[in-house]
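Chemist: Structure in structure tokens, see below.
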Amino acid sequence: MKNLSFYLILLLVGLSACRKNIDDLEVIREEGPPIVLVETNLRGKIVGEDGQAIPFAAVTFANEVTQTDEDGNFYFQDVEVNKSGAIVTAELDGYFKGIAHSRFSAEGNSYVQVNMMERGDPRSLESSQGGNYTDNDGMKVDIPANAMATSAGGSYSGAINVYSRWIDPTDENMGGIMPGALTATADDGSPLVLASFGMLALEIESGTGVELQLRGGQAIDVEMPIPDELLAQAPDEIPLWLYDLEAEQWLNSGVCYKVGNVYKCKITKFGFWNCDIDLPAICLSGQVFNSDSTFSPYLKVIVEDLADNFVYWGYTDSTGYFCGAVPAAADLLLTIKDHCDSVIYSEEIGPFAQDFQIPDIYLDANVSSFMINLMGTVQHCTSNDVPFGHVSVTLPGRIRIFPFVDGQFDINMAMNCVEFPELKIQTFSLNAKELSETVMHTTSTDLDLGLQETCASFTDIFELTVDGTEYWTAPTQWYLKDNSTTNWMVLEGLSSAGKFVLDILVYSGPGTYSSNVFFNVENDTPAPEFPLLNALSPNITLTIDSDDGTFIAGSFTGTALDITGAVRTIESSFLVRKAP
């Protein structure tokens, strides 16, 4: 397969059913095969179609719910889950639900990345009239009149908002966007994998954003384009599949018919639909090691069907294992990519008529996450005493803060290749508003910075006065919220004692803001601890004095509530860095 990327198994991890002799807990059902449970830790990341992290998304896994942090990361600990697989879902306003499928092991911790697809602007129609439209990708949607019902089943008449997306089966990012894994079950209970010729997402809400459903017996006519490179092999009739969240797989739910260069289908529910041919499946597993025989975790594994243009992918777990469903009796290409998405291993394998564990794979280099040690001594420039403060390490796109006391630091910093090629290192004194010279580091080797003298004044700073007591943070950073349709800007002051966070929900440049402004203080250790504060407009008034693309300068005044609910008088001035 060269042009078609059908990703299967968003997480090909663990020993799963392909490995033997695992200390699992078996729960026997009265009917059907036993359910094998394992206890696992799962970490992951939620990203958009552009690969950028999505913060503050709600993530559900094994009936537990958490939220992604500012970097889109999430973590579940000590969760009991079905070894054969389970789904991870992510939800956030403005996106279709993100759904990834994972397999698990009793020995390794797992990793999964969930991609979320933007819903975009809706098509607004009247339920009593219905309507049809063709989107920018050539997919046609035809909604009959009076076809909508409430979620409780009652009739609905009024405005509707239609959200739809066609997912190109030849798009190399399809596997990250589609829900779950391309797996199904045959009538006799045997496993299947699916090869897609087109996929769509469809959701309809009332004009006020309330979820709706189709009335019984109603259907929406859809025409999905068939990509030119698939047209010759596209069958005249093809099964239509609906992704079922309870079954956690695709269910055969109809037939689509080829007419010219499109498939005509009838959609009876809202969600993800898929035109696929089904193929017998086997379980393929393996284990990946670094060159020094240590495990190589969280690498992307791609298994490509060379004859039929199908691709399946996932990640190794913390012990380097992967396992997932692939077509039986097919010539395959196995590719492994590192954290920078560079190919580090490639081999043609197969065909395999039954479940198979390939021989252990040893890479030519160590590509797993690694540590850099930074050590040194900090001293005030004029008084020669030793301060307490923090080391600031600026990486592409973010800043990491490491505290030190008594003028000494010895830091083991976890790194991977995505965070290279350049680090900018500075030390900051919290006894005085002073910092050291910048040290640049461009290799993965440990670094002894020796004596660092804090002689220079802060170039960027976020100052805060609370009831007459002064506090400050440095360095500073800014960013725009990726998950907002408005120009939502965040300004932050960082330190080892905590950070100051100013949110401007609708930023429009220099001027005065008396609404849509929020400020809070996040505390940390060591001392001095900042008072925990929360403030919002109109209790604070913000003025942006200048924004020249290098720095944003401004101030705000007003009141805030502390952790006890007491009102505190605050004022602030800041000079936040936007560019190096």
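The values are calculated or read from the model by the stated rules, or taken from the named source; none is laboratory data. None of the values given here were measured: they were computed from a predicted structure. Note that we place each Cβ from the backbone using ideal geometry, even for glycine, and neighbour counts take in every protein chain shown. Quick note on the areas: whole protein, heavy atoms, side chains included, nothing else; ligands and nucleic acids left out. Shrake-Rupley method; radii C 1.70, N 1.55, O 1.52, S 1.80 Å.
Chemist: State whether the stretch 188-253 is rounded, prolate or oblate according to the following rule on the C-alpha gyration tensor (a ≥ b ≥ c being the square roots of its eigenvalues): a/c under 1.5 gives rounded; otherwise a/b larger than b/c gives prolate, and the remaining case gives oblate.
Modeler: Verdict is oblate for the stretch 188-253.
Chemist: Which values of log₁₀ I(q)/I(0), to two decimal places, follow from the Debye formula for the stretch 226-351 at q = 0.15 Å⁻¹ with a uniform point scatterer at every Cα?
Modeler: Taken in order of the listed q values, log10 I(q)/I(0) reads -0.86.
Chemist: Hey, another quick one. The chain: longest stretch without exposed trypsin sites (Lys or Arg not before Pro) (DSSP loop, at most 15 other Cβ within 10 Å), sites themselves excluded?
Modeler: Working: sites that count: LYS2, LYS20, ARG29, LYS269, LYS433.
For trypsin sites (Lys or Arg not before Pro) (loop position, at most 15 other Cβ atoms within 10 Å), the longest site-free span of the chain is 30-268.
Chemist: Which ³J(HN,Hα) values in Hz, rounded to whole numbers, follow from the phi angles of the stretch 320-330 under the Karplus curve 6.51 cos²θ - 1.76 cosθ + 1.60, where θ = phi - 60° and Gly and Pro get x?
Modeler: x, 8, 9, 7, x, 7, 9, x, 6, 6, 10
Chemist: Just report the Cα centroid separation between the stretch 210-236 and the stretch 89-135, whole Å.
Modeler: 17
Chemist: If you filter the stretch 535-577 for chymotrypsin sites (Phe, Trp or Tyr not before Pro), then keep DSSP loop positions with at most 11 other Cβ within 10 Å, what is left?
Modeler: Working: sites: PHE551, PHE556, PHE574; in loops: none.
Sparse-neighbourhood loop chymotrypsin sites (Phe, Trp or Tyr not before Pro): none present.
Chemist: Here's another thing I want to ask about it. Determine, from the Cβ-Cβ distance of GLU91 and ASP406 and an R0 of 56 Å, the FRET efficiency 1/(1 + (r/R0)^6), rounded to the nearest 0.05.
Modeler: Efficiency computed from Cβ-Cβ geometry: 0.75.
Chemist: Next up: With every protein chain left in place and a probe of 1.4 Å, what is the accessible surface of HIS390, to the nearest 10 Å²?
Modeler: Surface accessible to solvent at HIS390 totals approximately 0 Å².
Chemist: So if a site counts as exposed when it's one of the GluC sites (Glu not before Pro), its DSSP state isn't H, G, I, E or B, and it has at most 10 other Cβ atoms within 10 Å, what's the longest stretch of the chain without one?
Modeler: Counting at most 10 other Cβ atoms within 10 Å as exposed, the longest clean stretch of the chain is 247-580.
Chemist: Can I ask one more? Scan around PHE352 for amide H atoms under 5 Å from its own, H built in the peptide plane at 1.01 Å from N, and keep only partners 5 or more places away or cross-chain.
Modeler: Hits under the 5 Å cutoff: ALA329, ALA330.
Chemist: May I pose another question? Starting at 0 and stepping by 10 Å, how many percent of the alpha carbon pairs of the chain end up in each bin?
Modeler: Result returned by the calculation: 3, 15, 21, 22, 19, 13, 6, 1, 0.
Chemist: Please list, in chain and number order, the residues 5+ apart from GLY320 or on another chain whose amide H is under 5 Å from its amide H, with Hs placed from the backbone.
Modeler: HN-HN under 5 Å from GLY320: SER296, TYR298.
Chemist: Let me ask something additional. For ASP562 and GLU49, compute 0.36 nm times the residue count separating them, minus their Cα-Cα distance, and round to one decimal in nm.
Modeler: The span from ASP562 to GLU49 would gain 180.8 nm if fully extended.
Chemist: Between the stretch 284-331 and the stretch 64-81, what's the alpha-carbon centroid distance in Å?
Modeler: Using only Cα atoms, the two centres lie 24 Å from each other.
Chemist: Please calculate how many Å² of accessible area the stretch 45-135 carries per residue, with a 1.4 Å probe and no DNA, RNA or ligand atoms counted.
Modeler: Value for the stretch 45-135: 43 Å² per residue.
Chemist: Pull up all non-local amide H partners of ARG119: gap of 5 or more, or a different chain, and H-to-H distance under 5 Å with H placed in the peptide plane.
Modeler: Amide H neighbours of ARG119, under 5 Å, 5+ apart: TYR95, PHE96.
Chemist: In addition: Explain nothing, just compute: Karplus ³J(HN,Hα) = 6.51 cos²θ - 1.76 cosθ + 1.60, θ = phi - 60°, for every residue of the stretch 172-182 in order, whole Hz, x for Gly and Pro.
Modeler: Rounded to whole hertz, the list is 5, 9, 4, x, x, 8, 5, x, x, 10, 7.
Chemist: Tabulate in residue order the Karplus-calculated ³J(HN,Hα) for the stretch 455-472, using 6.51 cos²θ - 1.76 cosθ + 1.60 with θ = phi - 60°, rounded to whole Hz; enter x for Gly and Pro.
Modeler: Once θ is set to phi - 60°, the couplings for the stretch 455-472 become 10, 9, 7, 4, 7, 9, 7, 10, 9, 9, 10, 10, 6, x, 9, 8, 9, 8 Hz.
Chemist: Using a 1.4 Å probe on the protein chains only, how many percent of the accessible area of the chain belongs to carbon and sulfur?
Modeler: That fraction is 46 percent.
Chemist: Which stretch or stretches of the stretch 437-479 have amide N atoms under 11 Å from the point lying 7 Å from ASN373's Cα along the Cα→Cβ direction?
Modeler: 446-448
Chemist: Between rounded, prolate and oblate, where does the stretch 279-404 land on the alpha carbon gyration tensor, with a ≥ b ≥ c its root eigenvalues, rounded for a/c under 1.5, else prolate if a/b exceeds b/c?
Modeler: On the way: a/c = 4.21, a/b = 3.34, b/c = 1.26.
Since a/c reaches 1.5 and a/b is larger than b/c, the shape of the stretch 279-404 is classed as prolate.
Chemist: Determine the relative contact order of the stretch 28-157: mean sequence separation of Cα pairs under 8 Å and six or more apart, normalised by residue count, in whole percent.
Modeler: The normalised contact order for the stretch 28-157 reaches 22 percent.
Chemist: Would you mind checking the pairs LYS337/LYS499; LYS83/LYS499; LYS97/LYS264; LYS45/LYS140 and listing those with alpha carbons more than 31 angstrom apart?
Modeler: The pairs that break the limit, which is 31 Å between Cα atoms, are LYS337/LYS499; LYS83/LYS499; LYS45/LYS140.
Chemist: Take every DSSP beta bridge with both residues inside the chain and express the antiparallel ones as a percent of the total, to the nearest 5.
Modeler: 90
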